[in-house]
Amino acid sequence: MSQATLASSHLKRVGLDQLTPFGNNLARPECVLATASGSVFASNWRGGVSEIKANGEVCEYLARSDSFQVLPNGITLMRDGSFLLCHLGADDGGVYRLGRDGSLEPLLLEVDGAALPPTNFAHEDKQGRLWITVSTRTRPRALAYRNDVSDGFIVLLDRGAARIVATDVGYTNECLVHPDGARLFVNETFSQRLSTYDIAEDGSLSNKKTITEFTGATFPDGMAFDQEGGIWVTSIVSNRLIRVTEDGKQQVIVEDSNAEYLAQVEAAFIDKTLGRPHLDNIQSEKLRSVSSLAFSGPDLKTVVLGCLLGQELFSFRSPVAGVAPTHWNY
């Protein structure tokens, strides 16, 4: 048995009593990032980013604007210390750059001559390219909480030029370039699958494959890679953190859910009546719709969980280390 297989086989389910809360008075911390400095950053619905420093201090970087309220879903930490915010407006989207002084300027508001719809997530790869996801063109978005709607897409912003590189995605959520640099992994939330594309030298995507499909009330949202080849996936509503191997095997690491409520959600999903009330009134003990994760700590073995309905983050220790993200040393 290889070292990687041995390490992975010893992953155990983490009990809710092993989750450590930190941060306070956070505002919809849907997306979390960690850096080598020990800081953890979370999206902040008040119009920016919260930083939870290694000493526990929380500070906010909020946009100074009297005319526009940015509603950040995904956030991206840039080399110069600024942040990219994916604006999840009711009807509008786009990617904005936020300076730590509160300055806010648009980075990308349209692609192929059309305004960006509410925008979900942006990932910077090692080449400095940005992969941007839009979950759906449907209005209101709740009408796309179905497995027969696949109008999400992926935008590539490379050296100032933006173009759509993937369409017909089933509610596009977080995406990450694999450590091998040759593949893009994408969570399709309401198609309930983790997919991958091959990346050409020019950034074009092809050869879409399904890594795994989820069932019941498991709706994949965030993701991160570990150093043993696993993909860690968060599921909103069901509050599950699942480790997926590249051959599609799934292992639940954390779960905080109510079986009766999940049965109601699953029934609504099957009947195509799933709506915001199902997503916003989850039944759980600690986790409030776990949506994102990041490996943190000097050894990259502390897992941080972000919850889009929560006001704090949670962490636990993992025997498997994560892969350092692009922004790790920013």
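The values are calculated or read from the model by the stated rules, or taken from the named source; none is laboratory data. Everything numeric in this text was worked out from a predicted model, so none of it was measured. Counting neighbours? That spans all protein chains shown, and the Cβs are built from the backbone with ideal geometry, glycine included. Heads up: the accessible areas ignore ligands, DNA and RNA and are worked out on the full protein's heavy atoms, side chains in. Shrake-Rupley method; radii C 1.70, N 1.55, O 1.52, S 1.80 Å.
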Pick from segment 163-179, criterion assigned to a strand (DSSP E or B) and open to solvent by 20 Å² or more (accessible area, probe 1.4 Å), ranking: farthest from Trp131 (Cα to Cα): Asp168
Give me the pairs: first residue in segment 87-108 and more than 24 Å from Ala142 (Cα to Cα) and open to solvent by 30 Å² or more (accessible area, probe 1.4 Å), second residue among the β-branched types (Val, Ile, Thr) and part of a loop (DSSP other than H, G, I, E, B), beta-carbon distance under 8 Å, and six or more apart or on different chains, which are they? Leu104/Val70
Quick test of your reading of the structure: Gly81 fulfils all but one of (1) crowded, with 17+ Cβ neighbours inside 10 Å; (2) within 18 Å of Val32 (Cα to Cα); (3) in contact with a Lys or Arg (Cβ under 7 Å, 6 or more places away or on another chain). Name the failing condition by number. (1)
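Identify all residues within segment 211-234 that are outside any strand (DSSP E or B), closer than 17 Å to Leu11 by Cα and open to solvent by less than 10 Å² (accessible area, probe 1.4 Å); write none if there are none.
As a first pass, look at segment 211-234 and keep what is outside any strand (DSSP E or B): 214-218, 227-230.
Now drop any that are not closer than 17 Å to Leu11 by Cα, which leaves 227-230.
Within segment 211-234, just Gly230 meets the criteria.
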Scanning segment 144-195 residue by residue, the ones that are touching a residue at least 40 places away in the same chain (Cβ under 8 Å) and over 23 Å from Ala267 (Cα atoms) total 20
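Looking only at segment 271-310, which residues are in a loop (DSSP other than H, G, I, E, B), on the phi < 0 side of the Ramachandran plot, touching a residue at least 60 places away in the same chain (Cβ under 8 Å) and open to solvent by less than 20 Å² (accessible area, probe 1.4 Å)? Outline the logic, then answer.
Step one: filter segment 271-310 for residues in a loop (DSSP other than H, G, I, E, B), giving 271-275, 281-289, 297-301, 308-310.
Those left that are additionally on the phi < 0 side of the Ramachandran plot: 271, 273-275, 281-288, 298-299, 301, 308-310.
Among the residues that remain, those that are also touching a residue at least 60 places away in the same chain (Cβ under 8 Å) are: 274-275, 285-287, 298, 308-310.
Once the filter is applied, which keeps residues that are in a loop (DSSP other than H, G, I, E, B), on the phi < 0 side of the Ramachandran plot, touching a residue at least 60 places away in the same chain (Cβ under 8 Å) and open to solvent by less than 20 Å² (accessible area, probe 1.4 Å), segment 271-310 yields Leu274, Gly275, Leu287, Gly310.
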Here is a list: Gln250, Gln264. Which entry is in contact with a His (Cβ under 9 Å, 6 or more places away or on another chain), open to solvent by 10 Å² or more (accessible area, probe 1.4 Å) and of a type outside the set (Asp, Glu)? Gln264
Please state which of the following conditions Glu188 fails to meet, knowing it meets all the rest: (1) on the phi > 0 side of the Ramachandran plot; (2) open to solvent by less than 20 Å² (accessible area, probe 1.4 Å); (3) within 18 Å of the chain's Cα centre (by Cα). (1)
What pairs can you find where one residue is in segment 115-143 and more than 17 Å from Ser82 (Cβ to Cβ), the other is modelled with pLDDT under 95 and not polar (S, T, N, Q), and their Cβ atoms are less than 6 Å apart, with a gap of 6+ or different chains? none
Selection from segment 245-267 of residues farther than 16 Å from Met223 by Cα and of a type in the set (S, T, N, Q) yields Ser257, Asn258, Gln264
